[in-house]
Amino acid sequence: MAEKLLSDRQCAAAKTPATGETLLADGNNLYLRLRGSGSRDWLFIYRYAGSRRKLGLGPYPTVSLALARQKAEDSRILLQQGIDPQAQRQAEAEALVAEAKAPLVPQTINDLYSEWFGAEASKRKDAGAAVKRAFQKDVLPVIGDTQLSSIRRASIASLLDGVAKRGVQRTCGILLSDMRQMFSWGAVREYISIDPTYGLKKTDWKGISPERDRVLSDDEIRLLSAALKSKAANLMESTQIACWIMLSTLARVGELGQAEWSEIDFDAATWFIPPEKSKNGKAHLINLSSFALSKINRLKEIRDALDDKDIRKGSPYILPSHNRNSPRGHICLKTYAKQFADRQCGERAAMKRRIKGDGQNSLLLPGGKWTPHDLRRTGATLMGSLGIRPDVIEKCLNHTEQNKIQRIYQRQELRPEMRDAWETLGRRLGELSCNTLTA
């Protein structure tokens, strides 16, 4: 190794030239470059593949003499290995850029949740609002900082045990279901090697919602007819009509809430529900009975009577939004569930004082509380009591046959039978709604 020719004192005392540049050799291909601009920097000058090359090692005195010598030695080692130091530096720089551009791999539960929420949960009908609330309340504060490599089934079970102590077992089931979706999503992308929810069941925390079987009796339908119109209930006429449409068509509240005028064929007396609006993703054609069609015609009369300045006037939806922030939109799909629940309070008070006094139980029927979905079930049950075949009722409900073999053999449309079923149901509802009872 050549003798070192420079000292710290010499480097500090070296004067820069008036113009151009001067090189002070330290030996072993290391030079201190002095420039007319007054700057000083280190160079490693070498030959590679037959050409003379320069590699900058940094400015002096930021890079000291000792550090410059170490960098020069590292470069000489690369040369001995047949590697061009300049090409090596370029490759390292490109690798850093590529690493910066590469998507970050989640390391913690917080990271995984953020990725999963953006890719999946945020696409739900409520834009992921329910998941966000639940995770921010019960999941992330408990296990959010846990490394994905460390998360275990015991941690998930402990989390759910804590939630169950609040007496909200159904919430446990929902949380477990959502966490399972999140971890499954992460496992597919190899962010985690195991699913920590594997083997855990909703029943361990009694987290399965009991299947509802509420069906309104004939007398309750008569009572409902009077209750909907009562002063105590204080419901808009369109809300009253929505109840009868759900009863007479067996449509889900979400399907009715998103129904557009263009999907109603008044001449053919049909309502087409496109696949993107049906719960099971299957298109559905409902034959509107005279009863159901009269209700939809009444909605049309209400729309036509609106002032031209009313935001609902030009809406494409048969049940338009009243919210000025969403003009031409459809009614909030939770509106009816909230309105009906607030009028069946029982012993509790209506939420946020949405309704007061007698109105708080104005829709409560002898058989107990009911929901919009119970109207669909009631309509189907009423069809059965009127002698309609079960397979026809299933078609009217737009249910998918679970048995694959039966599904193949039941592909016939049964359109005439379905049309008669809806008409028979509508005729009976017409009788019940006219022959009202009062509580």
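Just so it is clear, none of the values below were taken in a lab; they were calculated from the coordinates. Please read these numbers as outputs of a predicted model, since none were measured by experiment. Because the Cβ atoms are built from the backbone with ideal geometry, glycine has one as well, and the counts that use them run over all protein chains shown.
Values for this structure:
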quantity: Cα-centre dipole for the chain with unit charges at Cβ (Lys and Arg positive, Asp and Glu negative), debye to 20; calculated: 820 debye
quantity: Per-residue [θ]222 nm for the chain (sum of -39500 (n - 2.57) over DSSP H runs n ≥ 4, rounded to 500); calculated: -13500 deg cm²/dmol
quantity: Under 5 Å, built H, 5+ apart or other chain: amide partners of T108; calculated: L148
quantity: C-alpha center-to-center spacing [the stretch 364-390, the stretch 222-291] in angstrom; calculated: 15 Å
quantity: Shape of the stretch 8-101, Cα gyration tensor, a/c cut at 1.5; calculated: prolate
quantity: In nm, spacing of pseudo-spin labels at D204 and S177 (7 Å Cα→C-beta vector); calculated: 1.8 nm
quantity: Reported label for calculated mean projected area of the Cα convex hull in nm² given (i) 38.6; (ii) 31.6; (iii) 23.4; calculated: (i)
quantity: Efficiency of FRET between L306 and S262 - r from beta-carbon atoms, R0 22 angstrom, step 0.05; calculated: 0.75
quantity: Order of E423, E73 - criterion: other Cβ atoms within 10 Å of each residue's Cβ, fewest first; calculated: E73, E423
quantity: Rel. contact order, % - alpha carbon contacts under 8 angstrom, at least six apart, the stretch 101-191; calculated: 38 percent
quantity: Point-to-point label distance, S114-T16, nm (Cα→Cβ direction, 7 Å offset); calculated: 4.3 nm
quantity: Which of K277, K338, K369 has the fewest Cβ neighbours within 10 Å, and the rest in rising order; calculated: K338, K369, K277
quantity: Pair A232, A187: separation of 7 Å Cα→Cβ label points (nm); calculated: 5.3 nm
quantity: Peptides ranked, highest mean first, by Cβ atoms within 10 Å: ranges 49-56, 286-293, 146-153; calculated: 286-293, 146-153, 49-56
quantity: Rounded to the nearest 20 debye, dipole of the stretch 189-315 from Cβ charges on Lys, Arg, Asp, Glu; calculated: 340 debye
quantity: Karplus-derived HN-Hα couplings along the stretch 217-229 (A = 6.51, B = -1.76, C = 1.60, θ = phi - 60°), whole Hz, x at Gly and Pro; calculated: 6, 4, 5, 5, 5, 5, 5, 4, 4, 6, 5, 4, 8
quantity: Neighbour-count order for Y191, Y113, fewest beta carbons within 10 angstrom listed first; calculated: Y191, Y113
